[in-house]
Structures are given as C-alpha cells and as structure tokens.
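Chemist: This is the structure, below, for whatever I ask next.
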Amino acid sequence: MSAGAPDFEALLREALVPVDPPADLAQRLELTLVNLTELAQDELEAWELSTMRDPRNWVRPAAAAVVGATAGTALVVLRVRGRHRSRKQQSANLLELAERTLHDFAEEARRILPDR
Amino acid sequence: MPDTITSKAELDARFTELYRAHLRDVYSYSYYRVGNHHDAEDLTEQTFLQAYRHFERALRESNGRPLRPWLIRIAHNLAANFYRDRSRKPESAIEDAGMISAPHTTESLVEGREELKSVLAGVQQLPDDRREALIMRFALGMDNREIARALGRTDGATKVLLHRAIRQLEGMVNGNAEAEAK
C-alpha cells in the first residue's frame, strides 16, 4: 500500500531503524530465564520427594509449575535484578558476574521461598 | 511447526529460539514506544518474562502462525500499563546518545539529518494507535496481517490506520518544514 509519497516512506524507514539492545540486557535476560526454569524445577522436585501425601502442600508446587507467576519467584527476580549494578561493579569479567548472579538467586530464593 | 510439545525441555528450547529471534524486535518496539533506553530495557524484560509464563498456551493456540505479533501485543499491553501506572506519556524527544551505551542509537544515526529528527518528533506526537502501527511497520518490518494481530484489529482496519498515520505524519513534517522556511 502506498499511503504517502514513496520517498516519505523511505524517510520513515530511515528514521525508524531497528535498535539493537544493549549486550548486557541479553545476558541478564537469558540468565533470569535460566534461573526461573531452575527455581521451578527445584520446587517440583522437592515436592515429589517429600510432600506427595500431604494435600496441604500441593499449592506451592502448583505455583512453581507456572514459574514466574508466583509472587515469591517474582520477588526473587526483582531483588536479584535490583542488585545487578553492584554485582557488575564487583565482577572482573562476565563469568564472574554470571556466578555472582547465580549465587544471588540461590540466596534470595532460600531466604524468601521457604517461608511461604 | 508441530502443535504438541513433548517436554519442558523442548518448550524451553522453543522459547529460547523465540527469544533470540525477536529480542531486537521487542527492544526496538519498546524503545520507540517509551523514548529512552532505561525504560525500554525494563519493558523488554517484562515482556519476555510474561511471554515465558504463557508460552505453552500461545504455542498451542497459534496453529503454527508466527508468534511475533503475540510478543509485540504483550509489549503493547505492558507499555499501556506503564503509562497508566506512572501517569505519563512517551517522552517527546529521543534521549541523548551520550547517556547510554547501546551498540548504536537512533540519535547517532539521525545525527545531522534534521528531516529525520523531524520525522521522529512527529512520530512521538501521533495518536497512540497510529504511532504503534508505524513503529511496527517501519522499525520492525511487520506486514499488515502481523500488525493487525498485534493490535487486535482487522486487516482492513489496519490498512486504513497505516494509511492515515503516514498521511498525518507527512503533513506534520511538511508543515514544520514550511514553517521553518518562512
């Protein structure tokens, strides 16, 4: 469809170029998704091992199955994200940053999720 | 695309594919929608986290159609909430390139091109639906059908929307140019 002059559409195409995301966004997002998956998996495994017979415990693993939907998991993500800048400053390289982030996730999950 | 996902691992692998294929699309959309990189990063993250939560159902219901419009629709809804929650509108100008560290920025690309700056400023002043349609068409390269799915409109309504958006923007830009020439 040609709504305006062809050269105006070319101008629009030139003005609205795709914007590359910052490299650290891609890394941070991948790490968040990996950790969400692992957190949910841990929840499900713990449930299978210890609480199969107690219906009162069914709610929590069911929540884990929908991963990011739980407030606890969301809280973990938010808290870990909030400390991203300080971890970045403390890390000498990307690998160290990834290790610190993973450690932070585990700590935060231990702190928040068992109380729920 | 097969409709049945056999395992969680396969689902995650499919999501990773989707994420890698469309991270730039979601980020570009977010950036042009909110006008700065900081909020665009937040919006992009929230979009993919929400997409991850609903991915299995989306795959099931997509019938093999591309999921890009679904992703952009999530970003669109989150952006609407973003403005509602913060009671603000998109920034009128694209932020200063010196403030961020993206591989490249629209500011640097349009540097020295007054007409491009004028186009970007005009895009920010368009009504929301027209601005979004233009971003999807020109920044993301989506066709009418994809844009229609992302905006929840018919193909015909989308065609009209794009037509009007381009004409309105062209009028604004030409009007500015004439005013400056006087």
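Chemist: Which value, to two decimals, describes the C-alpha radius of gyration of the stretch B:1-77 once divided by 2.2 N^0.38 Å?
Modeler: Here the answer is 1.11, to two decimals.
Chemist: Within 10 Å, count the other beta carbons around each residue, average over each peptide in B:24-32, B:159-167, and list them highest first.
Modeler: Going by the mean number of other Cβ atoms within 10 Å, highest first, we get B:24-32, B:159-167.
Chemist: While we're looking at this one, here's another question. First select every other residue whose beta carbon is under 10 angstrom from the beta carbon of B:PHE138; then total the charges, Lys and Arg +1, Asp and Glu -1.
Modeler: Once all neighbours under 10 Å are counted, the net charge is 0.
Throughout, read-outs are computed from the coordinates displayed, never taken from laboratory work. For clarity, every value in this text was computed on a predicted model and none was experimentally measured. Cβ atoms come from the backbone with ideal geometry, glycine included; neighbour counts cover every protein chain shown.
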